[in-house]
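The values are calculated or read from the model by the stated rules, or taken from the named source; none is laboratory data. Values in this document were obtained by computation on a predicted structure and should not be read as measured data. Cβ: placed from backbone, ideal geometry, glycine included. Neighbour counts: every protein chain shown. Just so you know, the surface numbers come from the protein's heavy atoms only, side chains and all, with ligands and any DNA or RNA stripped out. Shrake-Rupley method; radii C 1.70, N 1.55, O 1.52, S 1.80 Å.
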Amino acid sequence: MKYINRITSVEKSLEGMSPAEVYKCRIDETTYYLKTINKVFSQTTYSVKREAAVMRWLTDKLNVPEVLEYGETEDSEYLIMSEIRGRHIDDFAETPLQYISYLVKAIKQLWSIDISQCNFSSRLDMRLQELDYLLQRNLADVDAVNWQDTTNFTKPEELYLWLCNNRPPEELVFSHGDIGANFFVADGEIYFYDLARCGIADKWQDIAFCVRDIRDYYPDANYERIFFEMLGIEPDYPKIDYYILLDEMF
Ligand SMILES: Nc1ncnc2c1ncn2[C@@H]1O[C@H](COP(=O)(O)OP(=O)(O)OP(=O)(O)O)[C@@H](O)[C@H]1O
Ligand SMILES: [Mg+2]
């Protein structure tokens with residue numbers, strides 16, 4: 001019998017902000033997570049089918065949940081995965097240096113993955129194509145109220161055109177795509193989840209999201225400097241700005 005039919009209890013996780021729905025559930029006395037999304041998102045980096053495939057590919061490369069089952073109903077994709085444990089990265093915010101060091105550790109682990117054998121692309125050509133798809137179907141986050149205070153756009157079409165006309169050159173690495181609040185730490189080790197947007201992308205994609213979070217938590221600009229010192233690279237502000245803007249309508 002399929003695992004989806006063996007679930008005995010479900011509890012909706014309220015944390016998710018994406019169009020996916022996440023449920024904590026029980027099968028044979030064990031806790032799993034069930035993630036579902038409407039098939040209208042199948043060709044996008046929200047796809048749970050894509051997430052399951054990435055998760056399988058990453059099994060021997062990073063700490064990620066194990067795929068128990070991927071399946072489809074008439075209008076949805078679903079994934080049942082093992083529970084990962086540990087403390088959520090945001091729980092470390094009160095100790096800034098530790099918080100920043102875990103962001104750096106997570107990024108370095110992602111960069112250590114050999115992309116020559118990776119078939120998942122999250123590069124700008126596909127990200128802009130999917131954004132166009134989302135905009136055309138009213139599935140994009142076009143409400144400027146949800147955007148960053150620093151974003152000097154109010155019209156979705158103008159922001160989209162600007163993103164198309166100002167594409168930076170890409171320095172390719174393996175990228176998480178939504179790294180900010182999407183990992184746990186247990187015994188000093190990183191456990192990644194929310195993997196649907198993983199793939200080959202510009203290294204500044206993940207850096208930008210870390211910078212956005214560091215700025216949100218700590219008004220003191222020194223912490224951003226410390227982040228780059230730990231990372232061992234100089235900040236590229238135009239690229240950081242670009243990837244923060246790219247995320248506004250997702
Ligand atoms: N395998 C797992 N093990 C433990 N907790 C999980 C697992 N998968 C999801 N969660 C919990 O459910 C929450 C939502 O999951 P996830 O981030 O995948 O959904 P999402 O809809 O893409 O969320 P968001 O848009 O907020 O990033 C996570 O923040 C985490 O607390
Ligand atoms: Mg998430």
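Can residue 167 be described as among the basic types (Lys, Arg), part of a loop (DSSP other than H, G, I, E, B) and surrounded by fewer than 19 Cβ atoms within 10 Å (Cβ to Cβ)? Criteria met by residue 167.
All of (1) among the hydrophobic types (A, V, I, L, M, F, W, C); (2) closer than 13 Å to residue 171 by Cβ; (3) not in a helix (DSSP H, G or I) hold for residue 208 with one exception: (3). You will find that of 74, 130, the residue that is part of a helix (DSSP H, G or I), of a type in the set (D, E, K, R) and more than 14 Å from ligand 1 (Cβ to nearest atom) is 130 and no other. Among the residues making up the stretch 39-70, those that are surrounded by fewer than 17 Cβ atoms within 10 Å (Cβ to Cβ) and either among the acidic types (Asp, Glu) or under 22 Å from residue 10 (Cβ atoms) (or both) are 39, 60, 66, 69.
If we scan the stretch 197-212, do we find a residue that is surrounded by fewer than 18 Cβ atoms within 10 Å (Cβ to Cβ), under 18 Å from the mean Cα position of the chain (by Cα) and of a type in the set (Lys, Arg)? Checked against the condition, which is being surrounded by fewer than 18 Cβ atoms within 10 Å (Cβ to Cβ), under 18 Å from the mean Cα position of the chain (by Cα) and of a type in the set (Lys, Arg), the stretch 197-212 yields at least one hit. The single residue among 138, 146, 152, 165 that is at pLDDT 95 or above, within 24 Å of residue 206 (Cβ to Cβ) and not charged (D, E, K, R) turns out to be 165. Of all residues in the stretch 170-191, those satisfying the criterion of being of a type outside the set (A, V, I, L, M, F, W, C) and either open to solvent by less than 10 Å² (accessible area, probe 1.4 Å) or over 20 Å from residue 85 (Cβ atoms) (or both) are 170, 171, 175, 176, 177, 178, 180.
Of all residues being open to solvent by less than 50 Å² (accessible area, probe 1.4 Å) and in contact (Cβ under 8 Å) with a residue 24 or more places away in the chain in the stretch 20-36, which is farthest from ligand 2 (Cβ to nearest atom)? Just the residue, please. Only one residue tops the list, namely 27. For the stretch 181-194, a residue qualifies if it is more than 8 Å from ligand 1 (Cβ to nearest atom) and in a loop (DSSP other than H, G, I, E, B), and the qualifying residues are 187, 188.
Cβ separations smaller than 7 Å between residues 6+ apart or across chains give the following pairs from the stretch 74-99 residues that are closer than 16 Å to residue 191 by Cβ and among the charged types (D, E, K, R) to residues that are open to solvent by 20 Å² or more (accessible area, probe 1.4 Å) and outside any strand (DSSP E or B): 90/181. Selection of the stretch 8-33 for residues being under 14 Å from residue 68 (Cα atoms), in contact with a Phe, Trp or Tyr (Cβ under 8 Å, 6 or more places away or on another chain) and more than 9 Å from ligand 1 (Cβ to nearest atom) yields 25, 26, 27. Filtering the stretch 1-19 to residues that are basic (Lys, Arg) and either assigned to a helix (DSSP H, G or I) or within 16 Å of ligand 2 (Cβ to nearest atom) (or both) leaves 6, 12. Cβ separations smaller than 7 Å between residues 6+ apart or across chains give no pair from the stretch 108-121 residues that are not assigned by TED's automatic domain parsing to the domain that holds residue 172 to residues that are open to solvent by less than 40 Å² (accessible area, probe 1.4 Å) and assigned to a helix (DSSP H, G or I).
A count restricted to the stretch 89-101 and to residues that are open to solvent by less than 30 Å² (accessible area, probe 1.4 Å) and either touching a strand residue (DSSP E or B) at 6+ places or on another chain (Cβ under 8 Å) or within 16 Å of ligand 1 (Cβ to nearest atom) (or both) stands at 3.
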